[in-house]
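Reviewing the structure listed below.
Read-outs throughout are calculated quantities, based only on the coordinates presented, and are distinct from any laboratory measurement. Given the structure is predicted, the values throughout are model-derived calculations rather than measurements. Note: ideal-geometry Cβ built from the backbone for every residue, glycine included; neighbour counts use all protein chains shown.
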Amino acid sequence: MSLLKATLESAADGILAVDLARRIVLFNRRFAEIFLIPDEVLTRRDDVYALDFVHDVMRDPDGFRSRIEAIYAHPEATSFDLFELKDGRFIECYSLPQYLAGAVVGRVWSHRDVTARVRAEQQRDRLLLEERRARAEAEEAVRVRDEFVAIASHELRTPLTSLQLVMQGLERRLAPGMDVGRARSALLRCNRQIRRLAALVDGLLDVSCIQAGGLDLRLSEVDLRTVVRDAAARVADQLAQGGIELIMQAEGPVVGRWDGDRLERVVTSLLTNAVKFGGAKPIQIALASDGRTARLSITDHGIGMDQETQSKLFERFGRGVSARHYGGLGLGLYIARCVVEAHGGRMYVKSELGQGATFTVELPLPRAAPESP
């Protein structure tokens, strides 16, 4: 018996043997150490009493108790389980019936602390998950880059091709007896395409500045009504071609310290979107101030958008519709949002599918200096 006890005490696993009446037949010190069981608990030789004590050190005591009772309910069953203790350790529990002369006379439990292995597996799983996420993000970045390059190439090629055709036609007309009116019309078309190219390049430069750490704002006293009127003049040709009425409502001057040029591009971008997606219906501009905030809203009555589309609309390369059908670099609203936020303001959209959209820009106004007593 002393040899058996010495063998049990030298085992790395915690061993517990019980008979069919669930009396503890033998155990080793390692078993008591794993479950932090005092000697007085085990010396009672009552497995149910010991189980009541162990119940309190388990992470999921009810689940642990239920599993142990289920194993005892099937005397010939073999089991293998992994349990977590409240102190964060993980214990593997292997149980098998004990036979004597071909009959089941009890059950032997073997317990092993596998915390280090489980932690390593969890860390491995976390690293694998992070690696998969990083790979997916990299693949998405490559896809977005390739799509952007394709769209940018198309968007830049269109005005360049138009310029080339106009210039070739103008070249043929620059001869004695040329039609000055037609030449002037050709030059106007050239100017439109040059402005379009300049806007594309400005957009790319703005993105570069944003990614490099921020926009360099040139602040001065600006009336937002003037900004809106200048932006409306920029899209006048688009409005005329679509037969679109522009309705502007402004209560009075709205003056603040802003970067007028950049805000003009913001409004131009919003108006261009309203023309593109507004279905040739009137576009409404509302400009107001409550003394603390300037609020500009641009409303169209076109295709609108759902909530999912709205959630990604102001992201870089974010799109509400297919680039194939509507074109554009997918940067306009992203740049506009960054410009507005650089001014300390915010931009948001309210829309429903098929019900048009309202884009709102809010900009903080300077506080009036307190009057001298």
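Could I get the Rg over Rh figure for the range 1-58? Both from C-alpha atoms, Rh via Kirkwood, rounded to two places.
Ratio value, two decimals: 0.96.
Name the chymotrypsin sites (Phe, Trp or Tyr not before Pro) in the range 1-75 that are in a loop by DSSP and that have at most 16 other C-beta atoms within 10 Å, would you?
none
As an exercise, identify the trypsin sites (Lys or Arg not before Pro) in the range 231-306 lying in DSSP coil whose Cβ has no more than 13 other Cβ atoms within 10 Å.
Counting only loop positions with at most 13 other Cβ atoms within 10 Å, the trypsin sites (Lys or Arg not before Pro) in the range 231-306 are R292.
For the range 338-352, just list the computed ³J(HN,Hα) in residue order, Karplus coefficients 6.51, -1.76 and 1.60, θ = phi - 60°, integers in Hz, with x standing in for Gly and Pro.
Listing the rounded values in order: 5, 5, 4, 5, 5, 7, x, x, 8, 9, 8, 10, 10, 7, 9 Hz.
Report, in cubic angstrom per residue, the convex hull volume of the C-alpha atoms of the range 60-105.
Looking at the range 60-105, the number lands at 69 Å³ per residue.
Say each of K86 and I194 gets a label point 7 Å from the Cα, pointing the same way as Cα to Cβ; how far apart are those two points in nm?
Once both label points are built, they end up 8.0 nm from each other.
When N counts the residues of the range 38-130, how does its alpha-carbon radius of gyration compare numerically with 2.2 N^0.38 Å, as a ratio?
The range 38-130 yields a ratio of 1.29.
Along the range 63-75, what does the Karplus equation 6.51 cos²θ - 1.76 cosθ + 1.60 (θ = phi - 60°) give for ³J(HN,Hα), rounded to whole Hz, x for Gly and Pro?
Here the 3J(HN,Hα) series is x, 5, 4, 4, 5, 4, 5, 5, 5, 5, 5, 10, x Hz.
Starting from the alpha-carbon convex hull of the range 208-311, give the projected area averaged over all orientations, in nm².
Result: 8.0 nm².
Run down the lysines and flag those whose C-alpha is under 18 Å from the C-alpha of K312, throwing out any fewer than 8 positions away in its chain.
Once the sequence-local lysines are set aside, what remains near K312 is K350.
What shape does the range 95-134 have by the C-alpha gyration tensor, where a ≥ b ≥ c are the square roots of the eigenvalues, rounded means a/c under 1.5, and otherwise prolate means a/b greater than b/c and oblate the rest?
Prolate shape, in that a/c is at least 1.5 and a/b is the bigger ratio.
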